[in-house]
4 protein chains.
Amino acid sequence: MSKPSVLKIKVVTGDIRPIFKQIIDGIRLEIATEKLSPGSKLPSYRGLAMQLMINPNTVAKAYAELSKQGLIESKKGLGLFVSENRQSLSDDEREQKLAKAVTVFINETVHLNYSDDEIVEVIKNKLKEIKTT
Amino acid sequence: MSKPSVLKIKVVTGDIRPIFKQIIDGIRLEIATEKLSPGSKLPSYRGLAMQLMINPNTVAKAYAELSKQGLIESKKGLGLFVSENRQSLSDDEREQKLAKAVTVFINETVHLNYSDDEIVEVIKNKLKEIKTT
Amino acid sequence: MSKPSVLKIKVVTGDIRPIFKQIIDGIRLEIATEKLSPGSKLPSYRGLAMQLMINPNTVAKAYAELSKQGLIESKKGLGLFVSENRQSLSDDEREQKLAKAVTVFINETVHLNYSDDEIVEVIKNKLKEIKTT
Amino acid sequence: MSKPSVLKIKVVTGDIRPIFKQIIDGIRLEIATEKLSPGSKLPSYRGLAMQLMINPNTVAKAYAELSKQGLIESKKGLGLFVSENRQSLSDDEREQKLAKAVTVFINETVHLNYSDDEIVEVIKNKLKEIKTT
DNA sequence: GTGGTCTAGACCACT
DNA sequence: GTGGTCTAGACCACA
């Protein structure tokens with residue numbers, strides 16, 4: 001299985017996130033939902049750059065970040081692969097990241113005067129949507 | 001009622017948000033939770049800048065943004081006031097903003113492998129926390 | 001104390017390490033030996049780049065890495081500062097890093113046929129040298 | 001004694017070192033610890049490549065490097081052999097290599113805030129471990 | 001002025 | 001061919 005997986009990542013310039021962040025989020029999602037299984041090969045810098053019509057260095061930056069997080073591993077001259085034993089974040093880190101995201105989210109939404117139930121509803125739908133895509 | 005309300009906003013440099021964003025969020029929250037009622041006067045640029053120990057330009061930027069959103073209005077020579085009819089956003093806009101915030105939030109959280117229920121739980125708690133503060 | 005500290009970092013192209021790594025190591029060392037105290041301001045991208053006669057982006061890469069490690073914090077528009085509460089690495093991580101470095105070191109040296117004592121001697125001297133510089 | 005020694009080298013892709021470096025280190029270690037004696041025959045390019053399941057070019061690169069260092073010699077038509085007089089490095093070179101390795105090692109470790117004694121301890125243990133394996 | 005992102009193109013190391 | 005480093009220069013957001 002030396003062919004790289006084809007990533008279904010989309011990158012849009014209109015997004016708030018910088019492009020390299022979109023790539024990171026996209027791949028992290030694929031890995032988390034196991035559409036990208038441990039050991040599988042990722043597209044090359046240049047390949048993904050061409051597919052997404054962006055600069056290879058932007059891809060490199062995203063891959064470097066994922067590499068440092070231990071989610072993917074590089075084998076020089078061979079390519080990049082999803083880590084076998086993806087060393088998951090410590091519980092502390094996970095909690096902190098979640099708390100941070102929640103705070104940001106709340107800051108962005110409270111003033112919109114939605115009820116708690118409405119907000120929760122929208123989130124649940126989005127979660128389902130992602131997992132079934 | 002010409003005395004400006006004293007805002008209980010806090011601004012911290014360690015925050016992920018830029019300072020002007022923290023001010024916007026703070027004031028929006030005060031208005032949404034009706035601690036700041038329609039028609040009440042806001043502190044002056046200089047006054048708030050001194051209170052928060054930040055650059056007046058930063059306050060100006062925040063006020064400008066809030067004005068653009070229609071949440072506050074300037075009455076020439078008198079100062080800035082909370083708008084009387086504060087439901088300035090159309091339903092469409094509200095929905096869009098919520099959807100956008102949800103998407104950002106999900107992007108930051110899915111890969112953490114929390115269950116849907118756990119995520120919803122944390123959000124509910126945070127919402128309660130804010131409204132009782 | 002808004003003046004940035006002057007870093008005594010040296011960067012040499014002959015080094016095995018890439019330049020951005022040399023910067024990281026240099027600053028980490030300054031922080032570890034407390035020549036660079038928490039809260040103090042670092043030189044700007046452009047300033048350090050000029051001082052070291054390298055490209056600002058190379059400095060940016062080093063600073064970004066240190067930022068992500070939590071050793072330094074950026075305050076947009078103000079500059080970069082040594083973190084107050086430098087969240088130290090967990091004991092596990094420290095041990096792993098040490099073990100890794102030791103393995104690399106041994107691989108590089110065993111075949112030189114030095115006695116254990118000689119090797120230890122050289123290391124001790126180097127350690128002293130650094131701490132008194 | 002025309003049969004080549006069977007090298008007990010292991011090569012892992014997860015290693016920080018490139019594969020050809022692992023081979024070099026492995027053989028150098030075998031020679032230094034005299035498990036591989038002067039004059040003994042080394043496995044062929046193809047043989048070692050098959051044994052380690054790697055690209056023959058990678059083995060070639062490792063052998064070329066070892067030849068350049070004078071640790072092994074090729075006898076045309078016969079194969080590769082461990083050099084008879086294996087103290088090929090001058091004292092100067094040995095010192096330089098040691099100093100370089102120490103510097104790299106220190107750069108990786110100082111910021112971990114281990115005491116000198118702890119560091120020395122770990123190294124001593126590792127040295128013992130290797131020599132008794 | 002500050003930090004940070006993106007592009008373009010060159011060059012090196014590894015397999 | 002692969003990953004990775006470095007340079008150059010443009011552009012944006014923030015204070």
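The values are calculated or read from the model by the stated rules, or taken from the named source; none is laboratory data. Bear in mind the structure is a predicted one, so any value in this text is a computation, not a measurement. Cβ sites come from the backbone with ideal geometry, for glycine too, and all protein chains shown count toward neighbours.
Consider B:Gly47 carefully, then state whether it is over 22 Å from B:Lys10 (Cα atoms) and in the same structural domain as B:Ile24 (by TED's automatic domain parsing).
no
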* To do: Give, as residue ranges, the helices (runs of 4 or more DSSP H) completely inside segment D:18-133 that count at least 3 residues that are facing another protein chain (nearest Cβ under 9 Å) and of a type outside the set (S, T, N, Q).
  => D:19-32, D:91-109, D:116-131
* Asked: Restricting the search to segment C:49-69, which residues are touching a Pro at 6+ places or on another chain (Cβ under 8 Å) and in contact (Cβ under 8 Å) with a residue 40 or more places away in the chain?
  -> C:Gln51
* Please specify each residue of segment D:10-44 satisfying the condition of being polar (S, T, N, Q), out of contact with any strand residue (DSSP E or B) (no Cβ under 7 Å at 6 or more places or on another chain), modelled with pLDDT under 85 and within 29 Å of A:Leu78 (Cβ to Cβ). => none
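Suppose we filter C:Leu7, C:Leu48, C:Leu112, C:Leu66 for residues that are within 13 Å of DNA strand E (Cβ to nearest atom), among the hydrophobic types (A, V, I, L, M, F, W, C) and modelled with pLDDT under 90; which single one remains? Don't jump to the end; show me each part of the working.
On the way: C:Leu48 fails: modelled with pLDDT under 90; C:Leu112 fails: within 13 Å of DNA strand E (Cβ to nearest atom); C:Leu66 fails: modelled with pLDDT under 90.
Of C:Leu7, C:Leu48, C:Leu112, C:Leu66, the one residue that is within 13 Å of DNA strand E (Cβ to nearest atom), among the hydrophobic types (A, V, I, L, M, F, W, C) and modelled with pLDDT under 90 is C:Leu7.
Could you list, in sequence order, the residues of segment C:11-35 that are within 11 Å of the chain's Cα centre (by Cα) and away from DNA strand F (no atom under 11 Å from the Cβ)?
Here is the first cut: in segment C:11-35, the residues within 11 Å of the chain's Cα centre (by Cα) are C:20-33.
Correct list: C:Asp25, C:Gly26, C:Ile27, C:Arg28, C:Leu29, C:Glu30, C:Ile31, C:Ala32, C:Thr33.
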* Do any residues in segment B:112-133 that are within 26 Å of A:Gln69 (Cα to Cα) and not assigned by TED's automatic domain parsing to the domain that holds B:Leu29 have Cβ atoms under 7 Å from those of residues that are surrounded by 14 or more Cβ atoms within 10 Å (Cβ to Cβ) and small (Gly, Ala, Ser), where the two are at least six apart or on different chains, and which pairs are they? -> B:Asn113/A:Ala32
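Out of all the residues in segment C:32-45, which are over 15 Å from C:Val6 (Cβ atoms) and away from DNA strand E (no atom under 14 Å from the Cβ)? Show your work before the answer.
In the first step, residues of segment C:32-45 are kept if they are over 15 Å from C:Val6 (Cβ atoms); the result is C:32-34, C:38-39, C:45.
Those that are over 15 Å from C:Val6 (Cβ atoms) and away from DNA strand E (no atom under 14 Å from the Cβ): C:Ala32, C:Thr33, C:Glu34, C:Pro38, C:Gly39.
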* Output the residues belonging to segment D:81-94 that are surrounded by 14 or more Cβ atoms within 10 Å (Cβ to Cβ) and modelled with pLDDT under 90. => D:Ser83, D:Arg86, D:Leu89, D:Arg94
* Structure fact -> Residue hits (segment C:42-66; surrounded by 16 or more Cβ atoms within 10 Å (Cβ to Cβ) and basic (Lys, Arg)) are C:Lys61
* **Residues satisfying the stated conditions in segment A:67-76, i.e. more than 9 Å from DNA strand F (Cβ to nearest atom) and either within 12 Å of A:Leu42 (Cα to Cα) or surrounded by fewer than 15 Cβ atoms within 10 Å (Cβ to Cβ) (or both)** => A:Lys68, A:Gly70, A:Leu71
* Considering A:Lys21, A:Lys97, which residue is at negative phi, within 16 Å of DNA strand E (Cβ to nearest atom) and surrounded by fewer than 18 Cβ atoms within 10 Å (Cβ to Cβ)? -> A:Lys21
